[in-house]
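Report on the following structure.
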Amino acid sequence: MSKIDPNLAATPVVSRRAWQALIVLLAGMFMALLDTTIVNVALPTIRTSLDASEATLSWIISGYALAFGLALIPAGRIGDRVGHKWVFFTGLALFTAASLACGLAQNDLQLIIARVAQGLAGGIFVPAVTAVIQLMFPPRARGKAFAIMGSVIGVSTALGPIVGGLIIQAFGDENGWRLVFWVNLPIGIVALVAAARLLPSRAEAAVAGGGTPGAAAPARVALDWVGLLLVSSGLVALLVPLIEGQDQGWPWWTFASLAGSVVLIVLFGVWEVAYTRRGFTPIVPPRLFSHPAFSGGVILALVYFAAFTSIFFTISILWQAGLGHTALESGLVSIPFAIGSIIGASQSNRLSELLGRTVLIIGVALVTVGLIWIWLVLLLTPVGDLTNWHLLTPLLIAGLGSGFFIAPNVQFIVATVDPTEAGAASAVVGVMQRVGSAVGIAVIGSVLFASLTVTAPGPDGVAAAFTASATNAMAVSAAFSVVALILVFALPKRVTPWY
């Protein structure tokens, strides 16, 4: 009698509908992450088309990132209670409507409001993507589904600047930036129809994933709305002066707002402790921070995303507003970073198993080398000689490092806490990544525009001024990266797979 390979016997059967549902989920993920990078190349044309202020450019990126991050945890909790299918559908519908509103904006205030709404909607539906995959796929098939999701994340963020540049090149400055937002409309409409038909209910997803319908209904958990209000208010109070302060000349209220943000964050911490003692589930469980390595890892996530998210904000403004290149040429500058990021991400899992924490150290070190190299290029290259070829190698190096780091970093940070706290820890890290992006753009934008002084007439004078201010901004991004490199050593050397 022949023996049956137990591994083959245990191979899960995943239905065709599950893979179709995965395509729908990843279409939404693609839209949300494409919008984190596609808008960068549109910023200079938005500035001229709407006569927008310098602070508006920072708000377009920071407002999206902050709203996205703040929505992640409550959206996940609501999905646990009412079912992730309709949370995904609602968030995707709002995201599509907000994309339409962004393209219809007639002034900078309308655009900021629509952009914040778009980020909020993205934060509502993105948690449902990972939650439904977790429920819908059996454990042995889940890894493949998440690997496909990782590829979509890499491709969507890499394509953003190139797609944005192509759209603006094809349709012109006035209409091109509007179509950068409207590119979401056909994808969103098709995804909504498909989501209504293909995404499983909570009970169906649990059965597909090897569970039972009854197990799919978790205990009702009170939502920590007071905590959410306090942390949201604190972060907004921090970002408003960072973005508006330079443009407004740093009036007294900016310093009052910064002080108020500290008070609100402290009150948030006090509330979370008290809320936990009353037996409820807080937005951020205080017990997580009893692990010093986790605290360091959370700061690492914030600082790293502040460093790398701001790179193309600076380069897009310099390349178009300063050096007079087109949006497409600005988008093409990012190709080496995108290629490096895709290559690094494809190898990061294997290298993390082989090298442990060293892969993160190598990743952040490469990003740091790349950013310092870019800073030196901007500092030492004559303005008239600066081309995208000067940035090719450092951007490739930085992209490779970013790919090594981004994929496994959450796994290493979450490994610093008890396995029973892994879900909450992962959610907190996701929020801090978005907050880091928002804070990074706010700080870099303030430095970029605060040091922008045109002292000579004509295009040469403008180019020299923007290059000098971009050099200062890139120095701050590099400094963030150096701090991140130091913080990597707070993480454990090895992690134990959760499966």
Seminar exercise, completed: The equivalent-ellipsoid semi-axes of the chain, taken as the square roots of five times the Cα gyration tensor eigenvalues and listed largest first in whole Å, are 37, 25, 24
For this session: May I ask you to evaluate 6.51 cos²θ - 1.76 cosθ + 1.60, the Karplus curve with θ = phi - 60°, for each residue of segment 374-387 and list the ³J(HN,Hα) values in order in whole Hz, giving x for glycine and proline?
Result: 4, 4, 5, 4, 5, 6, 9, 7, x, 3, x, 9, 6, 9
Problem set entry | Taking the chain and dividing mean pair separation by its residue count, relative contact order in percent (alpha carbons under 8 Å, at least six apart) | 20
Exercise. Using unit Cβ charges (K, R positive; D, E negative) and no other charged atoms, how large, in debye to the nearest 20, is the dipole of the chain about its Cα centre?
Worked result: 1940
Exercise. For segment 36-97, with equal point scatterers placed on the C-alpha atoms only and solvent neglected, what are the log10 I(q)/I(0) values from the Debye formula at q = 0.16, 0.26, 0.29, 0.30 1/Å, to two decimals?
Worked result: -0.66, -1.07, -1.18, -1.21
For this session: Kindly state, as a whole number, the per residue volume in cubic angstrom of the convex hull around the alpha carbon atoms of segment 384-475.
Result: 104
For this session: Report, in cubic angstrom per residue, the convex hull volume of the C-alpha atoms of segment 246-351.
Result: 176
For this session: Please turn the phi angles of segment 426-433 into ³J(HN,Hα) values with the Karplus equation 6.51 cos²θ - 1.76 cosθ + 1.60 (θ = phi - 60°), one per residue in order, whole Hz, x for glycine and proline.
Result: 4, 5, 5, 4, x, 5, 5, 4
For this session: Specify which residue in the list V364, P138, I46 is farthest towards the positive end of the charge dipole of the chain, using unit charges on the beta carbon of Lys, Arg (+1) and Asp, Glu (-1), about the Cα centre.
Result: P138
Problem set entry | Point-charge dipole on Cβ atoms (K/R +1, D/E -1) for segment 6-107, about Cα centre, debye to 20 | 500
Exercise. So what does V163 come to for accessible area, using a 1.4 Å probe and Å² rounded to 10?
Worked result: 40
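The values are calculated or read from the model by the stated rules, or taken from the named source; none is laboratory data. Treat the numbers as computed from the prediction; the structure is a model and nothing was measured. Cβ coordinates were reconstructed from backbone atoms using ideal geometry, including for glycine residues, and neighbour counts include every protein chain displayed. Keep in mind that these areas ignore ligands, DNA and RNA; they rest on the heavy atoms of the full protein, side chains included. Shrake-Rupley method; radii C 1.70, N 1.55, O 1.52, S 1.80 Å.
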